[in-house]
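Accompanying notes for the structure given below.
The values are calculated or read from the model by the stated rules, or taken from the named source; none is laboratory data. Remember, it's a predicted structure, so these values are computed and weren't measured experimentally. Note that we place each Cβ from the backbone using ideal geometry, even for glycine, and neighbour counts take in every protein chain shown.
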Amino acid sequence: MSLANRCIVHLDLDTFFVSVERLMNPTLIGKPVIIGGTSDRGVVASCSYEARQFGVHSAMPMKMARILCDHAIVVRGDQDQYSKFSKMVTEIIAERAPVYEKASIDEHYLDITGMDRFFGNLKWSQELREKIIRETHLPVSFGVSINKTVSKIATGEAKPNGLIQIPQQGVIPFLDPLSIKKIPMVGGKTYQLLRSMGISTVRTLREIPSDMIERVMGKNGTVIWKKANGIDPTPVQQYSERKSIGTERTFETDTINVKMLNDILIGMVEKITFQLRKENKLTSCVTVKIRYSNFDTHTLQCHIPYTSFDHILLKTALELFDKVYSRRMLVRLIGVKFSGLVQGAQQLNMFEDMPEMTSLYQAMDRIRLRFGNKAIRRAAGMQSVKDVHHLKFKV
C-alpha cells in the first residue's frame, strides 16, 4: 500500500476541558469559560470559544485573561474527570478502529487504510464520531486524509464539532491558501523566522526549494517543507495500555529498613519521572512491587489523572508502598512501574496556582539533560542510586 493510498483519521475533542465542565455544570453553556489556576498567578489551560473572541488563549497568564474578558467564569479544573472522559473516548475507539494512537489526553490518530472496501472511510468515520458524541456528549472534530499532518490540519479547519475529508487530489489545493501557522511544528519562533523570509502561506513555503529551507532551518526545515507539500510518512503507532516504564532493585542482603526502602523508592520515581518528561509522556497508572525473602511477590497499583510530575507520582508510590508492605518481613526486591502512557506535554499543571513549580521542574530537567540524571536529586533519594537497574520502556 503506497503512502498516497493511506487513510488516516485525526480526532480532536473540541475545547476538551471546557466541554467536560459544561457536562457537569450546564449553566456554563454559551458563556465565556476559562480553565486554569484561579489566582492571578495561574495560567490558562483552556478556554471556550466565547472567551477566545476577547483574545484569551491557552498558556496566557490568568491575570491578563481576566483583563481581556472580565466577565468570564474561571474554573480551576478537575483532573480526575478529564482523565475519565479521555479514557471513555479511547475505549470507544479501541472497540472499532483496527489501529489507533492516543497522541494526547484529547487527541487520537486512527489508520483505517483498506476499510473503504467494506464500509467507506468517510461513512465509517462519521459513524464513529456520532457514537462518541452519543455516548460521551462531548463535541468532537475529525479530519480524514492521506497522512497524519493533513488530517490534523483538516481537523483544525473542521472545528468546532465538524468533519472534513481531504482526498489525495485535494491535498495541495486545501493546504496552499492556509497560514503557515497551521502546519504542525511551526511554533512562535519558527513562524517569526519564516515571516522574516516573506513566507506567510503554505503555498509560498511549498514553492521554495527544500535545500534553501534546510540551509536556514536545518533538518527541521526539511520536515516542515515536506509537511507543506502534504508529505508525512509517519505511521500511526498502535496504542497499548500495557506500555510502561519501570525500574527494580534486588538487594544483595535482604532488608527490613523501611526508611531505606522509602528513600530507594523516591530515587526510583525521580529517575523514571524524568525519563517520562524527556520522552514527552504522561502516565495514568502507578504500580509498586515488593518481593520478600521467601520469594513471595506482591504488587499494588493505582490509577491516577495523567501526569509526569514528581510530587504527584512520589506521593502515590509512597502511599502504595505503605499499603503493600504489610507483612514486615525481610525484603529482597522493590520496584515501581508507570503504565497507561500517552504522548503529550504536561497540560494539567496549568490548573495549579504555582507556576514556579513548573519552572522548577523545567530548570531541574535542563540541568539533568546537560550534566546527567544524577546531577540533581532529592536528598532522600540519593542513597538509592547504587544498583538501580532495568530502566526501560516495554510493551
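Considering segment 231-273, the residues that are assigned to a strand (DSSP E or B) and charged (D, E, K, R) include one that is farthest from Phe321 (Cα to Cα), namely Glu252. Among the residues of segment 298-319, those identified as within 20 Å of the chain's Cα centre (by Cα), surrounded by fewer than 17 Cβ atoms within 10 Å (Cβ to Cβ) and not in a helix (DSSP H, G or I) are Cys302, His303.
Okay, residues lined up against (1) among the hydrophobic types (A, V, I, L, M, F, W, C); (2) buried (at least 20 other Cβ atoms within 10 Å of the Cβ); (3) out of contact with any Ser or Thr (no Cβ under 8 Å at 6 or more places or on another chain); (4) not assigned by TED's automatic domain parsing to the domain that holds Lys152:
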{"residue": "Cys47", "(1), (2), (3), (4)": "yes, yes, no, no"}
{"residue": "Arg66", "(1), (2), (3), (4)": "no, no, yes, no"}
{"residue": "Ser83", "(1), (2), (3), (4)": "no, yes, no, no"}
{"residue": "Lys87", "(1), (2), (3), (4)": "no, no, no, no"}
{"residue": "Glu91", "(1), (2), (3), (4)": "no, no, yes, no"}
{"residue": "Arg96", "(1), (2), (3), (4)": "no, no, yes, no"}
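Restricted to segment 1-104, the set of strands (runs of 3 or more DSSP E) holding at least 2 residues that are modelled with pLDDT of 95 or more and under 22 Å from the mean Cα position of the chain (by Cα) comprises 8-13. When Thr222, Thr190, Thr204 are checked against the criterion of being touching an Asp or Glu at 6+ places or on another chain (Cβ under 8 Å), free of Cβ contacts under 8 Å to residues at least 60 places away in the same chain and not assigned by TED's automatic domain parsing to the domain that holds Ser58, Thr222 stands alone in meeting it.
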